[in-house]
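Working notes for the structure below.
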Amino acid sequence: MTTFIAGQELAPKVFTINRARLIQYANASGDQNPIHQNEEFAKSVGLENVIAHGMFTMGLAGQYISQIAGSSAKVREFSARFTKPVVVPAGIDVQLIVSATVVDVDSDIARLEIVAMCSEVKVLGMAKAVISL
Amino acid sequence: MLNPDLVGRTFVGTTKTTISPESIASFADALGESETTVAPPTFGITISLEQSQTLLQDSGLDWSRVVHGDQRFEIFTPLIAGMQVRCDCTIESARVVAGNEIVTVRADLIIETKKAVSTWSTLVFRA
């Protein structure tokens with residue numbers, strides 16, 4: 001079992017986001033909004049290009065938290081703001097780097113602050129999780 | 001514009017979704033998660049999103065103008081395959097800022113009579 005200490009910085013993890021993975025997430029989640037798949041449509045509504053589902057980015061951060069906790073069953077709370085869209089041009093692998101700091105530790109829980117970055121821009125704001133120890 | 005009378009109202013789900021092992025496996029796989037005995041922490045969105053969307057569209061909001069503002073999950077009982085889930089949606093708040101309508105919906109995923117997951121979605125309907 002991992003021991004967590006307040007202030008501890010946890011090793012980051014790099015995730016790859018590309019068009020194929022957005023389609024896979026759309027099918028798995030049921031969120032088929034065309035702004036996440038169709039470049040022409042995305043641009044027609046004023047976006048720079050296709051953008052990742054906020055919930056895909058959050059889901060990847062959630063995978064990181066599950067891994068830290070040792071199981072998805074240990075994740076009690078998870079919240080995030082979608083501050084910046086993750087733009088996903090065709091044929092490009094976009095890197096999402098997720099890291100966390102332990103805010104504090106109680107008898108049976110740890111509170112984490114999560115940072116998710118794409119091209120040095122924070123894409124999630126106020127991202128926090130509570131995990132069971 | 002959302003009818004202010006709807007704020008605070010709970011819309012009890014009329015159907016139950018049975019969580020299949022395949023739905024957990026494909027959601028986990030999409031996130032690069034190998035554990036499939038329990039659903040990933042954000043899995044509840046696959047159940048809550050559709051019901052929230054139906055509720056808000058039926059209330060007159062234009063889903064084609066929606067942007068996801070934030071999301072929060074509280075997980076009391078992790079979701080696993082075989083559970084039969086009812087989803088109750090409550091419109092917690094609605095306000096207009098600079099012409100954009102900001103709506104927070106809470107979805108409670110109920111197993112039998114117990115709340116397993118609560119998830120809050122803040123959605124921004126652009127002017």
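Assorted remarks:
- Qualifying residue in the stretch A:21-31 (condition: within 19 Å of the chain's Cα centre (by Cα) and modelled with pLDDT under 95): yes
- Set side by side, the residues A:A73, A:A80, A:A26 differ, and just one is within 14 Å of another protein chain (Cβ to nearest Cβ), in a strand (DSSP E or B) and not β-branched (V, I, T), which is A:A80.
- Every residue from the stretch B:6-55 that is within 12 Å of another protein chain (Cβ to nearest Cβ), of a type in the set (S, T, N, Q) and within 17 Å of the chain's Cα centre (by Cα): B:T17, B:S23, B:T42, B:T46, B:S48, B:Q51, B:S52, B:Q53
- First in the stretch B:32-60 and of a type in the set (G, A, S), second anywhere and loosely packed, with under 15 Cβ neighbours inside 10 Å, Cβ under 9 Å, 6 or more apart: B:G32/A:T16; B:S59/B:N3; B:G60/B:M1; B:G60/B:N3
- Each residue in the stretch A:80-133 was checked for being free of Cβ contacts under 8 Å to residues at least 40 places away in the same chain, among the charged types (D, E, K, R), surrounded by fewer than 17 Cβ atoms within 10 Å (Cβ to Cβ) and more than 23 Å from A:H53 (Cα to Cα), and 2 pass.
- On the stretch given as the stretch A:36-70, residues that are out of contact with any helix residue (DSSP H, G or I) (no Cβ under 9 Å at 6 or more places or on another chain), among the small types (G, A, S) and part of a helix (DSSP H, G or I) total 4.
- Selection within the stretch A:90-104 - under 21 Å from A:M58 (Cα atoms) and either modelled with pLDDT under 95 or assigned to a loop (DSSP other than H, G, I, E, B) (or both): A:I92, A:D93
- Selection within the stretch B:59-94 - at pLDDT below 95, surrounded by fewer than 18 Cβ atoms within 10 Å (Cβ to Cβ) and assigned to a loop (DSSP other than H, G, I, E, B): B:S59, B:G60, B:D62
- Meets criteria (surrounded by fewer than 19 Cβ atoms within 10 Å (Cβ to Cβ), β-branched (V, I, T) and more than 25 Å from B:D5 (Cβ to Cβ)) for B:I102: no
- Of the residues examined, A:S107 is not one that is within 27 Å of B:R65 (Cα to Cα), more than 10 Å from chain B (Cβ to nearest Cβ) and hydroxyl-bearing (S, T, Y).
- Residue in the stretch B:95-127 that is nearest to B:T15 (Cα to Cα), counting only those that are in a loop (DSSP other than H, G, I, E, B) and not charged (D, E, K, R): B:T113
- Test: A:S107 is farther than 26 Å from B:S34 by Cβ, at pLDDT below 95 and within 15 Å of the chain's Cα centre (by Cα): no
- Taking the criterion of being without any contact (Cβ under 8 Å) to a residue 40 or more places away in the chain and under 15 Å from the mean Cα position of the chain (by Cα), the only residue of the stretch B:61-90 that qualifies is B:W63.
The values are calculated or read from the model by the stated rules, or taken from the named source; none is laboratory data. It should be emphasised that the depicted structure is a prediction, and the values quoted were computed from it without experimental measurement. Note: ideal-geometry Cβ built from the backbone for every residue, glycine included; neighbour counts use all protein chains shown.
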